[in-house]
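The block underneath contains the structure these notes are about, expressed in structure tokens.
The values are calculated or read from the model by the stated rules, or taken from the named source; none is laboratory data. Small disclaimer: the values here were computed from a predicted structure and weren't measured. Counting neighbours? That spans all protein chains shown, and the Cβs are built from the backbone with ideal geometry, glycine included. For accessibility, only protein heavy atoms count, side chains too; no ligands or nucleic acids. Shrake-Rupley method; radii C 1.70, N 1.55, O 1.52, S 1.80 Å.
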Amino acid sequence: MDTGQPLGSGRSADVYALDDSWVLRRYRDDADTTPELAVMSYLSAFGFPVPRIGPPAEGAGPGDLVMQRLTGPTMAEALRTGSLDARQGGEMIAGLLRELHALPPRLSPDPEVRILHLDLHPENVMLTGHGPVVIDWSNTTEGSPGTDRAMSALILAQVSLTPGFPGAEGVGLVLTALLDAMAGDGGIAGEDLAGAVARRSSDPYLSVAEQAVLGEAAALVAAHGK
């Protein structure tokens, strides 16, 4: 199928413009997008800000997902340009997690379980004219909300500690704001942080530099507020 103009690339997928309304997200390993599609459709029905799902493209494979083309910068871009400050960024991520975890699970009968994003950080939030929209649901699952909070904090902590990462100091400020904002949501329990560390350590897309600071990042998150 015609993939259109390349728009960007992530660790596991590439995004192409199909037209002014739709983009194609294509996983390089042909990962099945069915679970991601189901979760996004479910969340959209509740009004949670996710991209609209488009009609299947002709000739699409299992690793292809057609989604709404969003207009606006990522939160990461807005933080770098100064149009969004660190405290606003941290509070926005905490608010999006809070909103997500207020919704009932799609599959589990356990009332304590919630839908988790597990990769909610500034690169995965688009700031559109209608508000923030959360993208990249490839890691989504159901479980303890604390695990989701721990993952977002751990990812930011890793970035803030990675040598040579541009704007690492600013990311550290976003992390502090995030942890402050999440304190009223239950914060991050030790078992949730340990689970997040285990997930991150097994991530095949993690760079050597990110793996090297994982333990230090976990300690940074754990130390907040002590």
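Structure values in brief
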item: Any chance Leu96 is within 18 Å of the chain's Cα centre (by Cα) and buried (at least 20 other Cβ atoms within 10 Å of the Cβ); result: yes
item: Among residues of the stretch 207-226, those that are of a type in the set (D, E, K, R) and outside any helix (DSSP H, G or I), counted; result: 1
item: The stretch 172-194, residues that are open to solvent by less than 30 Å² (accessible area, probe 1.4 Å) and touching a residue at least 60 places away in the same chain (Cβ under 8 Å); result: Val174, Leu175, Ala177, Leu178, Leu179, Ala181, Met182
item: Enumeration of residues in the stretch 31-44 that are of a type in the set (Val, Ile, Thr) and open to solvent by less than 50 Å² (accessible area, probe 1.4 Å); result: Thr33, Val39
item: Residue ID - farthest from the chain's Cα centre (by Cα), chosen from residues in the stretch 16-30 that are open to solvent by 40 Å² or more (accessible area, probe 1.4 Å) and of a type in the set (A, V, I, L, M, F, W, C); result: Leu18
item: Residue selected from the stretch 195-214 under the condition without any contact (Cβ under 8 Å) to a residue 12 or more places away in the chain, under 19 Å from Leu161 (Cα atoms) and not polar (S, T, N, Q), by the criterion least open to solvent (accessible area, probe 1.4 Å); result: Leu206
item: Enumeration of residues in the stretch 128-146 that are crowded, with 23+ Cβ neighbours inside 10 Å and more than 8 Å from the chain's Cα centre (by Cα); result: Gly146
item: Candidate set: the stretch 45-88, residues that are outside any loop (DSSP other than H, G, I, E, B) and under 13 Å from Val134 (Cβ atoms); chosen: the one least open to solvent (accessible area, probe 1.4 Å); result: Met75
